Amino acid sequence: ELNEHEKTAHYVHFEQTPLITNKRGRIDTGDLAPQLPVYHANDLSSPPTSLSKPSIEGHHAQALLLSLAFFALWTPQNLLAPNLTQAAVEFGYGNDTVARDLYLGSNLALASSVLSLPFSGCIGFASDAVSSRKVLISLTALVGGLSAIGTAMANTYPQLIFARFVNGACMSGSVPVVFSLLSDWFDDEERNAASSGFTAMMGAGIILGQIFAGCTGP
């Protein structure tokens, strides 16, 4: 029967060697086998401490920048809510409360939250098809920011609803791309904390965006 030291020592230690692939792209282990020494229990002077884990360090700074972009991308979610009456006056619905609630309340929410979902799904599916998710989330954040500016500069109602439509698609479409990047950057032990942080940034963006709109509006 093996003692505790021998039980811990029964493992195979592989040195880091470059992988060799054959013509079909499969790993050819025939040339690697002679280069991989096997250590037995009697060859070890001390038990191993821990097995090596894949290195995924260095992404914390990128995750911080991505969280700030994610925060900014979700700030336009409720920008119109504190200034709905002023927006109705600007677009000619000031004296008609029914038209104000229909065009600036229901229709804008429908365009940004429901009708934009197919395009949000396309962005999510693209995260598995594109070669770089970083470029995809950068373009999504860029288009979302431009649509937020377009919302502020809209002079007609069709321009306003189109800007809100694009903005809603970018906000919803950014979620699967962001969490796909988190699964690549963080291991199982850190992924839950990272996901919670990004979810908090999304909620903070929605809340602070509405507060900012209420404080700066007329």
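The values are calculated or read from the model by the stated rules, or taken from the named source; none is laboratory data. A quick note: this is a predicted structure, and the numbers were derived from the prediction, not measured. Virtual Cβ from ideal backbone geometry, glycine too; neighbours counted across all protein chains shown. Heavy atoms of the whole protein, side chains included, go into the accessibility calculation; ligands, DNA and RNA do not. Shrake-Rupley method; radii C 1.70, N 1.55, O 1.52, S 1.80 Å.
Taking ALA200, is it free of Cβ contacts under 8 Å to residues at least 40 places away in the same chain, of a type in the set (A, V, I, L, M, F, W, C), in contact with a Ser or Thr (Cβ under 6 Å, 6 or more places away or on another chain) and in a helix (DSSP H, G or I)?
Details: free of Cβ contacts under 8 Å to residues at least 40 places away in the same chain: yes; of a type in the set (A, V, I, L, M, F, W, C): yes; in contact with a Ser or Thr (Cβ under 6 Å, 6 or more places away or on another chain): no; in a helix (DSSP H, G or I): yes.
In short, no.
Within the stretch 157-169, take every residue that is in contact (Cβ under 8 Å) with a residue 60 or more places away in the chain and either open to solvent by 30 Å² or more (accessible area, probe 1.4 Å) or over 24 Å from the mean Cα position of the chain (by Cα) (or both) and give me the one that is farthest from PHE91 (Cα to Cα).
LEU160
Quick one: which of ALA129, ALA154 is without any contact (Cβ under 8 Å) to a residue 40 or more places away in the chain and surrounded by 18 or more Cβ atoms within 10 Å (Cβ to Cβ)?
Numbers: ALA129 fails: surrounded by 18 or more Cβ atoms within 10 Å (Cβ to Cβ).
Unique residue meeting the criteria: ALA154.
Among the residues in the stretch 113-125, are any out of contact with any Asp or Glu (no Cβ under 7 Å at 6 or more places or on another chain), free of Cβ contacts under 8 Å to residues at least 40 places away in the same chain and not aromatic (Phe, Trp, Tyr)?
Yes, that holds for at least one residue.
Here are the criteria: (1) assigned to a loop (DSSP other than H, G, I, E, B); (2) in contact with a Leu (Cβ under 7 Å, 6 or more places away or on another chain). Tell me which single one SER131 does not satisfy.
(2)
Give me a count of the residues in the stretch 65-84 that are without any contact (Cβ under 8 Å) to a residue 40 or more places away in the chain and exposed (fewer than 15 other Cβ atoms within 10 Å of the Cβ). Before the answer, list the steps.
Going through the stretch 65-84, the residues without any contact (Cβ under 8 Å) to a residue 40 or more places away in the chain turn out to be 65, 84.
Going one step further and asking which of them are exposed (fewer than 15 other Cβ atoms within 10 Å of the Cβ), we end up with 65.
Looking only at that region, the number is 1.
GLY217 passes all but one of (1) touching a Ser or Thr at 6+ places or on another chain (Cβ under 7 Å); (2) of a type in the set (Gly, Ala, Ser); (3) open to solvent by 20 Å² or more (accessible area, probe 1.4 Å); (4) within 17 Å of ASN83 (Cβ to Cβ); which number fails?
If we test GLY217 against (1) touching a Ser or Thr at 6+ places or on another chain (Cβ under 7 Å); (2) of a type in the set (Gly, Ala, Ser); (3) open to solvent by 20 Å² or more (accessible area, probe 1.4 Å); (4) within 17 Å of ASN83 (Cβ to Cβ), just (1) comes out false.
Return the only residue of SER183, SER147, SER138, SER174 being surrounded by 12 or more Cβ atoms within 10 Å (Cβ to Cβ) and within 28 Å of ALA88 (Cα to Cα).
On the way: SER183 fails: within 28 Å of ALA88 (Cα to Cα); SER138 fails: within 28 Å of ALA88 (Cα to Cα); SER174 fails: within 28 Å of ALA88 (Cα to Cα).
Of the residues listed, the single one that is surrounded by 12 or more Cβ atoms within 10 Å (Cβ to Cβ) and within 28 Å of ALA88 (Cα to Cα) is SER147.
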